[in-house]
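See structure below.
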Amino acid sequence: MKRVSIRNAVWTAVVMVAAGLPAAAQTPQNPFPVTLQKQLADRAKNYTEVSLDRKMLAFASHFMNDKDDAEGKRIVDKLNGVYVRSYEFDAPGQYTAADLDSIRRQFDTPEWTQLVKTRSRDASDDADIYMKLVNNEVQGMFILDAESKELDFVYISGPINPDDLQDLSGNFGIPAGTYEKMKDKEKAQKKAGEKTPKAVTKADKGDQP
Amino acid sequence: MRTMTRFLMGELLLTLAAAIVLPMTVRAAGHHDFDAVVSAVEHRYDVRSEKLPMMGLISFCGWVATGGGVKGLKIAEFDHFTGPTDPADLDKLVNESLGGEWQRFVASRERNGELNLIYAQPDGHAMRMLIVDYEHDELDVVRVEVNADRLQHWIHDPEGSAKNHDYGTEKPD
């Protein structure tokens with residue numbers, strides 16, 4: 001058992017480095033309130049927190065193959081950080097709307113534009129996608145995916161195209177399928193006849209807490 | 001003449017002592033992060049760590065086998081570890097022991113109490129990593145230094161790395 005445990009620990013580290021998972025706990029770029037993180041972690045059945053700043057990403061990119069991972073490497077080399085928080089709960093109701101609002105508030109600034117905002121009646125399938133636009137260039141992306149028993153936050157800092165998420169999903173702690181989910185939410189929002197990102201105004205943001 | 005011989009012997013002994021003690025001190029300083037964490041855990045939770053035999057040899061073999069990609073492997077085991085009741089408590093303890101240059105980049109906890117904390121200290125193309133793994137009443141602390149260039153070279157061309165024996169000027173800890 002002892003040897004297995006050590007092997008697990010070493011392998012966890014090696015696999016994470018090799019897979020490009022390796023990041024920074026409380027950097028100024030980390031948008032997640034510390035108190036809330038702890039509260040959610042306490043309530044969660046399982047949780048994973050990954051924080052990769054620029055240095056860590058640069059190190060991780062060394063392990064990306066120039067041929068097979070060329071696209072991923074190109075994306076990662078430009079990023080400033082990737083911060084992911086995933087919580088799984090035993091039962092619904094382990095987080096509140098106020099919890100989510102405290103996260104959303106971090107992105108309630110003129111630089112950030114809300115791309116997707118979906119709300120379910122029982123708050124069991126809500127999603128938000130925000131983009132940071134600086135001189136008409138995307139300089140960051142934030143995804144909030146709230147399900148009844150699962151909560152995922154993905155914050156990517158730096159120049160990124162929304163489609164780049166396809167290459168990043170499943171790496172760096174970003175849950176696999178995040179890109180597909182994002183696309184589904186976008187489609188659902190368009191279907192529902194909601195506003196497109198460019199039409200989102202400051203007044204729209206006003207209805208956020 | 002006897003005085004001169006005594007003086008020379010004294011000088012020789014001093015030189016020898018310095019030659020032995022200095023590298024040990026430097027080596028110890030190089031691993032003070034690991035030792036600080038182990039010591040802090042021992043004091044906080046009133047437990048003793050077990051040393052793995054021949055760890056230096058294992059580390060050396062790892063350094064050779066990976067073409068200098070991995071070095072400075074250190075492992076401390078705590079059997080029958082009853083804590084931590086609060087993962088945040090252990091995280092805080094490790095953070096404080098490591099100091100500001102280290103950053104935690106992964107924290108995960110499973111329902112069964114399994115806990116993984118991984119810290120890193122980037123240093124150019126090298127990265128020192130410290131892993132704290134807790135499961136089944138056992139806590140392991142692992143420290144390793146990874147050289148990205150060499151490890152990447154070894155991953156992509158293990159045979160070539162072994163043939164060239166290009167370990168640079170670095171030596172294993």
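Across the range A:144-165, what is the number of residues that are on the phi > 0 side of the Ramachandran plot and within 12 Å of the chain's Cα centre (by Cα)?
0
Report the residue count in the range A:98-114 for those that are surrounded by 13 or more Cβ atoms within 10 Å (Cβ to Cβ) and either among the basic types (Lys, Arg) or not in a strand (DSSP E or B) (or both). It would help to see each step written out before you state the result.
Taking the range A:98-114 first, the residues surrounded by 13 or more Cβ atoms within 10 Å (Cβ to Cβ) are A:99-100, A:102-108, A:112-114.
Then drop every residue that is not either among the basic types (Lys, Arg) or not in a strand (DSSP E or B) (or both), which leaves A:99-100, A:102-108.
The total comes to 9.
Could you list all residues from the range B:122-136 that are assigned to a strand (DSSP E or B) and at pLDDT below 90?
B:Pro122, B:Asp123, B:Ala126, B:Met127, B:Glu135, listed by residue number.
Which of the helices (runs of 4 or more DSSP H) found entirely inside the range A:1-77 contain at least 1 residues meeting this: farther than 27 Å from B:Gly72 by Cα and either modelled with pLDDT under 90 or more than 10 Å from chain B (Cβ to nearest Cβ) (or both)? Reasoning before the result, please.
Working: elements: A:2-18, A:34-43, A:54-61.
Where helices (runs of 4 or more DSSP H) fall fully within the range A:1-77 and carry at least 1 residues being farther than 27 Å from B:Gly72 by Cα and either modelled with pLDDT under 90 or more than 10 Å from chain B (Cβ to nearest Cβ) (or both), they are A:34-43.
Which count do you get for residues in the range A:142-196 that are modelled with pLDDT under 85 and part of a strand (DSSP E or B)?
The qualifying residues number 0.
In this structure, is B:Glu101 acidic (Asp, Glu), surrounded by fewer than 17 Cβ atoms within 10 Å (Cβ to Cβ) and either out of contact with any helix residue (DSSP H, G or I) (no Cβ under 8 Å at 6 or more places or on another chain) or part of a loop (DSSP other than H, G, I, E, B) (or both)? Spell out how you get there, then give the answer.
On the way: acidic (Asp, Glu): yes; surrounded by fewer than 17 Cβ atoms within 10 Å (Cβ to Cβ): yes; either out of contact with any helix residue (DSSP H, G or I) (no Cβ under 8 Å at 6 or more places or on another chain) or part of a loop (DSSP other than H, G, I, E, B) (or both): yes.
Yes, satisfied.
Mind listing whichever residues of the range B:131-140 are more than 8 Å from chain A (Cβ to nearest Cβ) and surrounded by fewer than 24 Cβ atoms within 10 Å (Cβ to Cβ)?
Correct list: B:Tyr134, B:Asp137.
The values are calculated or read from the model by the stated rules, or taken from the named source; none is laboratory data. Remember, it's a predicted structure, so these values are computed and weren't measured experimentally. Neighbour counts run over all protein chains shown; Cβ positions are idealised from the backbone, glycine included.
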